[in-house]
Each structure stands twice: as structure tokens, then as C-alpha cells.
1. Residue check, residue 41 against (1) surrounded by fewer than 14 Cβ atoms within 10 Å (Cβ to Cβ); (2) at negative phi; (3) within 18 Å of the chain's Cα centre (by Cα), all met but one. Which one?
2. Give the stretch 1-21 a look and list any residue that's in a helix (DSSP H, G or I) and touching a residue at least 12 places away in the same chain (Cβ under 8 Å), or say none.
3. How many of the residues making up the stretch 36-84 are in a loop (DSSP other than H, G, I, E, B) and under 19 Å from residue 26 (Cβ atoms)?
4. Condition first: surrounded by 11 or more Cβ atoms within 10 Å (Cβ to Cβ), at negative phi and modelled with pLDDT under 85. Can you find one or more residues in the stretch 56-65 that meet it?
5. When you scan the stretch 49-67, do you find a residue that is out of contact with any strand residue (DSSP E or B) (no Cβ under 8 Å at 6 or more places or on another chain) and within 30 Å of residue 93 (Cβ to Cβ), even just one?
6. Look at residue 102 and say whether it is modelled with pLDDT under 90, surrounded by 15 or more Cβ atoms within 10 Å (Cβ to Cβ) and on the phi < 0 side of the Ramachandran plot.
7. Name the residues in the stretch 25-38 that are over 15 Å from residue 80 (Cβ atoms) and buried (at least 16 other Cβ atoms within 10 Å of the Cβ), would you?
């Protein structure tokens with residue numbers, strides 16, 4: 001059995017597993033937060049300051065905290081000058097379809113444009 005086929009078969013087995021789907025959403029969201037931080041050259045310390053929380057709390061969130069609330073997600077998006085988008089849509093017919101969607105289609109959070117660096121006092125775009 002090919003590795004790609006094996007992996008797709010395993011993903012298909014978990015499609016109806018609520019816990020698996022929940023973890024996937026959490027991972028997708030935290031990956032988008034990290035990507036937005038990189039786009040803005042923002043550290044965990046700076047994000048923590050913007051949120052009014054400790055660096056340890058930000059680290060916990062970015063490590064996939066299972067108690068991530070929509071309120072926290074909105075706060076994270078706002079601190080990154082992004083918009084939180086939550087959507088409900090029909091499930092993909094297969095894992096293959098789901099793996100090949102664009103970030104916009106599969107995302108929970110989407111940042112339109114990186115904020116200008118001047119807004120952060122860094123003096124560059």
C-alpha cells in the first residue's frame with residue numbers, strides 16, 4: 001500500500017470523529033495565528049502585551065489549548081489586526097478533497113493584509 005493512500009485511508013476513518021475534527025480546527029487556527037505573527041515580525045511577548053496576558057498564556061494558546069474560546073480567538077485576531085471568520089459548510093466528500101482546498105476555504109481565521117510595520121514603530125513595511 002502506498003504511503004499517500006494509507007494516509008488518505010486513515011484520514012477517511014476519522015472524518016466522523018468529533019474529537020479529531022475539533023483538534024484539526026484548533027491546529028488550523030493556531031497555525032494561522034503563527035503565520036500572521038511571522039508576517040508582522042511579531043513576537044509572543046508583543047502579542048501578549050497587545051492581549052494584556054502573559055507570554056506563558058500566549059505560548060499555551062499557540063500550543064493548541066483545547067479551551068480556546070471564540071472570545072479569545074476574536075481577541076487574537078484583533079491583536080494581529082485581522083478578522084476572525086467562522087463558517088459552517090458542507091463537509092468535503094473525502095479527505096483528498098479537504099486536503100486540496102485553499103487556505104481561504106478551510107480557514108477559521110484569515111488575515112487580509114499584514115499591518116504596516118510603521119504601526120508597530122518598526123519603520124519598515
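1. Looking at each condition in turn, residue 41 falls short on (2).
2. Answer for the stretch 1-21, where residues must be in a helix (DSSP H, G or I) and touching a residue at least 12 places away in the same chain (Cβ under 8 Å): 8, 11, 12.
3. Qualifying residue count, the stretch 36-84: 10.
4. yes
5. Yes.
6. no
7. Result: 26, single match.
The values are calculated or read from the model by the stated rules, or taken from the named source; none is laboratory data. Bear in mind the structure is a predicted one, so any value in this text is a computation, not a measurement. Positions of Cβ are backbone-derived with ideal geometry, glycine not excepted, and every protein chain shown enters the neighbour counts.
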